[in-house]
Amino acid sequence: MFTRFSGFLIGSFFGLVFVLVNVGPPLSPALIWGIRVLAVTMAAAVIALIVLISRRESTRNAQPPSDTEPEEPRFGPFFGVVVLIEFALIFAGATLIGRLGLPPETGVAWVALVVGLHFFPLAWKWRQRELVFVAWYATVLGTIGLALVAAGLPAWAPLVSGVVTGCGMLLGCLLGIVPLYRRALAPSEA
């Protein structure tokens, strides 16, 4: 049932994790809780809309997506290789960061950078231009986080590379699912 929406679910999950794991000082406790509530709300909204779309389409006996809709992502061998490379780079980077004695916040920026980079080949393979925006977004925020660490401001790297990246992923998923929800509400053409 949720295969069609797997990209939204994966993006929301990891966006939420990015936020919840990285939100903290130097922000105030009230702002930290506000960001957590906002992130959970966005993730819950994505899930709720997916459930509502699925219910609406199942009551209509919806046909498979038409040729005019974008092709669904394929989680096949190419995807597997890209994800394996992503995890290898994250692990190698974490190991190097530890060995060099860099601040632990460097890891957040490195993960955001690698996650961003992994979207470039997926956007190409799946012919989904919207993923290029996600790729640049996370890559730039990861790079900014690394620059903050290099500038002696490591406490800000989790906010920029973690929280802002995660909120962007959540917002992107929410903005992407809303048109599908509106289309599901439209009167059927039968």
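The values are calculated or read from the model by the stated rules, or taken from the named source; none is laboratory data. All figures in this text were calculated on a predicted structure; none of them were measured in a lab. Virtual Cβ from ideal backbone geometry, glycine too; neighbours counted across all protein chains shown. Accessible surface areas use protein heavy atoms only, side chains included; no ligands, DNA or RNA. Shrake-Rupley method; radii C 1.70, N 1.55, O 1.52, S 1.80 Å.
The residues of the stretch 23-59 that are in contact (Cβ under 8 Å) with a residue 40 or more places away in the chain and under 14 Å from the mean Cα position of the chain (by Cα), listed by number, are Ala39, Met42, Ala43, Val46. A Cβ distance below 6 Å, combined with a sequence gap of six or more or placement on separate chains, defines the contacts here; from the stretch 166-188, residues that are over 20 Å from Ala112 (Cβ atoms) and open to solvent by 40 Å² or more (accessible area, probe 1.4 Å) reach residues that are modelled with pLDDT of 90 or more and not acidic (Asp, Glu) in the pairs Tyr181/Leu49; Tyr181/Ile53. Checking each residue in the stretch 137-159 for being open to solvent by 30 Å² or more (accessible area, probe 1.4 Å), within 17 Å of the chain's Cα centre (by Cα) and modelled with pLDDT of 95 or more picks out Val140, Thr143, Leu159.
Just to be sure, is Val163 open to solvent by 30 Å² or more (accessible area, probe 1.4 Å) and of a type in the set (A, V, I, L, M)?
No.
Which ones in the stretch 146-182 are of a type in the set (A, V, I, L, M, F, W, C) and closer than 12 Å to Ala43 by Cα? First the steps, then the outcome.
Residues of the stretch 146-182 that are of a type in the set (A, V, I, L, M, F, W, C), as a first pass: 146-151, 153, 155-157, 159-160, 163-164, 167, 169-171, 173-175, 177-178, 180.
The answer is Cys167, Met169, Leu170, Leu171, Cys173, Leu174, Leu175, Ile177.
Residues that are under 25 Å from Tyr137 (Cα atoms) and at pLDDT 90 or above: does the stretch 55-74 have at least one? Within the stretch 55-74 (the criterion being under 25 Å from Tyr137 (Cα atoms) and at pLDDT 90 or above), the answer is no, since none of the residues qualifies.
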